[in-house]
Amino acid sequence: MTDCPESVSSGPIYLNAVELICSLGLGASQVSNNLFGTIPQQGYLSLSEHYTPGKKLHLGLVSNDLPTVPIESEISRNNQFLTALANPLLPAIDKLKGVFGPHRIGVVVGTSTSGIAEAEKALVYRNQNGVFPDDYHYRKQEVSAPSRFLAAYLGVTGPAWTVSTACTSGGKALASAARLLKLGVCDAVIAGGADTLCRMTVEGFSSLSVLDSDICNPFSRNRKGINIGEGAALFIVTRDEGPVRLAGYGESSDAHHISAPHPKGVGAESAMQQALDMAGITAESIDYLNFHGTATEQNDKMEAIAAYKVLGNDIACSSTKPLTGHTLAAAGSIEAAFCWLGLQRNDGLIPPHLWDHEPDPDLPVMHGLAKTSLPAKMKMAMSNSFAFGGNNISLILAGE
């Protein structure tokens, strides 16, 4: 096998295939049908007190049956999600292994919870019985677990690592994949994000007083906070021409505060502009913006300000978190997948924005908020993800 020529560094990067799982279902087809179809009156979030006994919350729970993780020491709900997504991609991945060799295929996965839910159960068992259960392995909760497992399951031996930058992780995994391809280190990368619910996550956000007991209400004057969800998305990323191109990405870290965003959206604005610059386009080329849109007071305000500065106030835009909850480290990859699905459509439909239709007068006017469709096929979409510590990423996807 020869090394990749230097010329690949300037070539386009394609997102050739995607699979995802979230409260909207399992698989690209089911998720797309629910995302762009008629939304049931009760929505797709579940009212549950499983993680907060005595206190019911709306959560973006996955209810699909999940496959068994084939490596005993790696069994976790996180890895069940990844197994469910990897299985339909196996024929394509096996073909890539045959063409390039396993050593030329990498894996980059974003996560924040990894196998913490399994560790929580194991600790309860230990408190009751004095020993850990026989099937407990500390490695399940290591942040490296998702990428380690996925590389082993797929039989690939290229670079494999996990990105854990909170809510930007899944988006940054795609940017990392693009860099591996541009550097000529890999010929294909399996990239995305996966996070599952656990008590530490739900109770942690509850302690920050940012959870809404109702379905969240992004960019409304009445917004009260977020819903938490779980999910995963995986992409096959290559230089081979495919249906969607990763046209640009921008990353920044304004480090304004450990958990609060910069009030003027300085880092968010920078990430969005960097993505446009990399794509070599102006704001007018973006047909649709998928907001990070958590429905918290500060995040929505700073993102609205940043989006207005970079894209103006006519851009068609929405936050999909009332449908899925905030899937944390998986959010960037799942919402990029929503854009990927939108770019495949010919009817101009865009992901919906569920809210009470009461704009916040303190935010810039957004004429395109909650728009349901475009006048023509979506050609370019931007997806934003912002995280604790002022960590920001903006992706631009282009339909081919």
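The values are calculated or read from the model by the stated rules, or taken from the named source; none is laboratory data. This is a predicted model, so every value here is computed, not measured. Here the Cβ is made from the backbone with ideal geometry for all residues, glycine too, and neighbour counts use every protein chain on show. Calculation scope for accessible area: heavy atoms of the full protein, side chains included, ligands and nucleic acids excluded. Shrake-Rupley method; radii C 1.70, N 1.55, O 1.52, S 1.80 Å.
Sorted by average packing, counted as other Cβ atoms within 10 angstrom per residue and highest first, what order do 299-310, 134-145 take? Provide the component values of the computation, followed by the final result.
On the way: 299-310: 23.3, 134-145: 16.8.
Averaged packing, sorted descending, gives the order 299-310, 134-145.
Which of the peptides 266-275, 90-99, 224-233 is most tightly packed, and how do the rest follow, going by the mean number of other Cβ atoms within 10 Å of each residue? Before the final figure, lay out each step's value.
On the way: 266-275: 23.6, 90-99: 14.1, 224-233: 26.9.
For the peptides 266-275, 90-99, 224-233, the packing ranking is 224-233, 266-275, 90-99.
Can you tell me the length gained on complete extension of the stretch VAL124 to HIS257, counting 0.36 nm per residue apart and subtracting the Cα distance?
Length gained between VAL124 and HIS257: 44.5 nm.
Using the basic label-point model (7 angstrom from Cα toward the beta carbon), what is the THR282 to THR157 distance in nanometres?
Simple spin-label model gives 5.1 nm for this pair.
Working from the alpha-carbon coordinates of the stretch 297-400, get Rg over Rh, Rh being the Kirkwood radius.
Details: Rg = 13.5 Å, Rh = 14.5 Å.
Answer for the stretch 297-400: 0.93.
Looking at this model, which pairs from LYS224/LYS379; LYS140/LYS301; LYS309/LYS379 are more than 30 angstrom apart at the alpha-carbon?
Among LYS224/LYS379; LYS140/LYS301; LYS309/LYS379, the Cα-Cα distance tops 30 Å for LYS224/LYS379; LYS140/LYS301.
In µm²/s, what is D for the chain at 25 °C and 0.890 mPa s, where D = kT/(6 pi eta Rh) by Stokes-Einstein and Rh is the Kirkwood radius from Cα pairs?
Working: Rh = 20.9 Å.
Translational diffusion coefficient: 117 µm²/s.
Treat every Asp and Glu Cβ in the stretch 217-341 as -1 and every Lys and Arg Cβ as +1, leave all other atoms uncharged, and give the resulting dipole magnitude about the Cα centre to the nearest 20 debye.
The calculated dipole for the stretch 217-341 is roughly 420 debye.
Can you give the Kirkwood hydrodynamic radius of the stretch 19-93 from its Cα pairs, in Å with one decimal?
Working: mean 1/r = 0.0710 Å⁻¹.
Mean inverse Cα-Cα distance, inverted, gives 14.1 Å.
What 222 nm value per residue comes from the helices of the chain, counting each DSSP H run with n ≥ 4 as -39,500 (n - 2.57) and dividing by all residues, nearest 500 deg cm²/dmol?
Values: 10 runs with 126 residues, N = 400.
Here the helix-only value at 222 nm equals -10000 deg cm²/dmol.
How about LYS97: which aspartates and glutamates have a C-alpha closer than 18 Å to its C-alpha, ignoring those fewer than 8 places off in the same chain?
Counting by Cα, and skipping residues close in sequence, LYS97 has these aspartates and glutamates nearby: ASP3, ASP187, ASP240, GLU241.
Roughly to the nearest percent, how much of the accessible area of the stretch 93-132 is carbon and sulfur, given a 1.4 Å probe?
That share works out to 57 percent.
What does the extension gain come out to for ALA92 and ASP347, with contour length at 0.36 nm per residue minus their alpha carbon separation?
Extra length from ALA92 to ASP347 when fully extended: 89.0 nm.
At q = 0.13, 0.18 Å⁻¹, what log₁₀ I(q)/I(0) does the stretch 118-263 have when each alpha carbon counts as one equal point scatterer in the Debye sum?
-0.83, -1.21
How high is the FRET efficiency between LYS182 and SER373 when r is their beta carbon distance and R₀ equals 25 Å, given to the nearest 0.05?
Details: r = 35 Å, r/R0 = 1.39.
Step by step, r from the Cβ atoms, then E = 0.10.
To the nearest µm²/s, what D does Stokes-Einstein give for the stretch 99-192 at 10 °C and 1.306 mPa s, using the Kirkwood radius over alpha carbon pairs as Rh?
For the chosen part, D equals 111 µm²/s.
Starting from 0.36 nm per residue, how many nanometres of slack lie between ASP134 and SER207 once their C-alpha separation is accounted for?
23.0 nm
Let's see if you can work this out: charge +1 on each Lys and Arg Cβ, -1 on each Asp and Glu Cβ, no other charges. What is the dipole magnitude of the stretch 185-290 about its Cα centre, in debye to the nearest 20?
About 380 debye.
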